[in-house]
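Report on one structure; see the data block that follows.
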Amino acid sequence: MRYLNPKADLTFKRVFGEHPDLVMSFLNALLPLQREEYITDIEYLPSEMVPDNPLRKNSIVDVRCKDNKGRHFIVEMQMIWSPEFKQRVLFNASKAYVRQMGSGEKYDLLQPVYSLNLVNDVFEPDLEEYYHYYRMVHVEHSERVINGLQLVFVELPKFTPHTYGEKKMEVLWLRYLTEIDEKTTEVPEELLENPEIKKAVTVLEESAFTPEQLLGYEKFWDIISVEKTLISSAERKGKAEGIAEGLEKGKAEGEKQKSLEIARNMKSANLPIESIMQFTSLSKEEIEKL
């Protein structure tokens, strides 16, 4: 049996965007929820959040859903870290929070928004932990909390299970994301023993996808490979320019050139403008000029 990597755009959305039971299990395992707060019902929402102001960019996320309590959940898989990603996550979560309330409704009807972000990169090299949880707390009295936005970032490369026999759902789901890929010929028995993980593994079977989907899957990894190469090159260029003109200016120009080159390659691969905007943070106008 040949499997696909669950972190790819195609597979991630297939697993968590089409199977409510799997995304509920995933969210209950990875979010900071008490057992009495667990999600028991899910309704999928459109992944594209169209802005009220047409001059603002659309925000595209992998999975958006809400439960029967009205709580909103956003799930994203980010393959390569970029400095603006945290701001984009905060923007998307804030937008989902604000849009709950219609004209004339009361603020106390607003429900929390949880944003779960899986990052296949290390962005906190000075911290040992792979799990980062952000919320609004009193600076001096952290037990005082303003409920509303809950942001979670998971650095997948840092994750290592304490023991491979550990059955905790958080561990099983993270093992699923980090241990299964195109080279997998035999899935660990501990994963298959859990019915939800077993179902998620079955979804990854290559035979479940059409030739066109598999071609898109391969293009996805080609783009990731190109982007990693360009990031490395742009960072070196940015550092060199920074020596001559100031580190911050050089870094900004390097980032801009990196984004333009990535967009140029993605556009030549005939990928949608919206996807290019998501990967590069460039405007539609900048991309169309390439």
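The values are calculated or read from the model by the stated rules, or taken from the named source; none is laboratory data. Keep in mind the model is a prediction, meaning the values are calculated, not measured. Here the Cβ is made from the backbone with ideal geometry for all residues, glycine too, and neighbour counts use every protein chain on show. Only protein heavy atoms, including side chains, enter the accessible area calculation; ligands, DNA and RNA are left aside. Shrake-Rupley method; radii C 1.70, N 1.55, O 1.52, S 1.80 Å.
Taking the chain as a Gaussian network of alpha-carbon nodes connected by springs under 10 Å, the highest mean-square fluctuation of the residues Val203, Val152, Val226 belongs to Val226. Listed peptides 280-290, 107-117, 9-19, 158-168 appear in the order 9-19, 107-117, 280-290, 158-168 once ranked by packing, highest mean of other Cβ atoms within 10 Å at the front. From its DSSP helices (H runs of at least four residues, each -39,500 (n - 2.57)), the chain gives a residue-normalised ellipticity at 222 nm of -14000 deg cm²/dmol. Think of a 1.4 Å ball rolled over the protein heavy atoms: the chain then has 55 Å² of accessible area per residue. Compute the Cα gyration tensor for the chain, then decide on rounded, prolate or oblate, letting a ≥ b ≥ c be the square roots of its eigenvalues: rounded whenever a/c is under 1.5, prolate when a/b is larger than b/c in the other cases, and oblate in all that remain. Rounded, because the longest to shortest axis ratio a/c is under 1.5. For the set Arg35, Arg2, the ranking by accessible area, highest first and with no ligand, DNA or RNA atoms included, is Arg35, Arg2 under a 1.4 Å probe.
For Glu206, the solvent-accessible surface computed with a 1.4 Å probe is close to 50 Å², ligands and nucleic acids excluded. Electrostatic bookkeeping for Glu128 treats Lys and Arg as +1 and Asp and Glu as -1; over the other residues with beta carbon under 15 Å from its beta carbon, the sum is -3. For the chain, DSSP calls about 55 percent of its internal beta bridges antiparallel.
Near Gln100, no amide H atom lies under 5 Å from its own; only residues 5 or more places off or on other chains count, and H is placed 1.01 Å from N.
Summing +1 for each Lys or Arg and -1 for each Asp or Glu among the other residues whose beta-carbon sits under 14 angstrom from that of Val23 gives -2. Against the criterion of solvent-accessible heavy-atom surface with a 1.4 angstrom probe, Met136, Met24 sort, most first, into Met136, Met24. In this Cβ point-charge picture (+1 for Lys and Arg, -1 for Asp and Glu), the chain has a dipole of about 720 debye about its Cα centre. Ranking Ile74, Pro157, Thr210 by Cα position along the charge dipole of the chain, where only Lys, Arg, Asp and Glu carry charges on their C-beta atoms, puts Ile74 farthest toward the positive end. The distance between label points at Tyr107 and Glu124 comes to 2.9 nm (points 7 Å beyond Cα on the Cα→Cβ vector).
Largest GNM mean-square fluctuation among Lys106, Lys267, Lys199, using the chain with Cα springs under 10 Å: Lys106.
Using the Cβ of Lys66 as centre and a radius below 10 Å, the other residues enclosed give a net charge of 0, where K and R count +1 and D and E count -1. Of the solvent-accessible surface of the chain, computed with a 1.4 Å probe and all protein chains present, 52% belongs to carbon and sulfur.
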